[in-house]
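A.B. asks: Here's a structure for you.
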Amino acid sequence: MTTTPTAHAWTVTGSSEACTVTRHGDALSCDCPDGVQLCKHLLAVGLHLA
């Protein structure tokens, strides 16, 4: 997976579709269709920030 920061979010590519992860205060959210609280895109951004 590739994590690319943008002005207000991160674009995560490497799966079937690119997803956007945004920060809302201390919380991150993803626009992926997986419908889970902690998806692989959120984990990728967390690793990018670490």
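A.B. asks: Roughly speaking, to the nearest percent, how much of the chain's 1.4 Å accessible area is carbon and sulfur?
C.D. replies: Working: 1860 of 3460 Å².
Taking all protein chains in place, the chain shows 54 percent carbon and sulfur surface.
A.B. asks: Through the Karplus equation 6.51 cos²θ - 1.76 cosθ + 1.60, θ set to phi - 60°, convert the phi angles of the range 33-50 into ³J(HN,Hα) values in whole Hz; use x for Gly and Pro.
C.D. replies: Those phi angles translate into x, 4, x, 10, 6, 10, 8, 5, 6, 5, 5, 4, 5, x, 5, 4, 7, 6 Hz.
A.B. asks: Rounded to the nearest whole Å², what accessible area per residue is found for the chain with the 1.4 Å probe?
C.D. replies: Working: 3460 Å² over 50 residues.
Per-residue accessible area for the chain comes out at 69 Å².
The values are calculated or read from the model by the stated rules, or taken from the named source; none is laboratory data. The model shown is predicted, which means the values in this text are computed figures rather than measured ones. Each accessible area value is taken on the protein alone, full model and side chains, heavy atoms only, with ligands, DNA and RNA left out. Shrake-Rupley method; radii C 1.70, N 1.55, O 1.52, S 1.80 Å.
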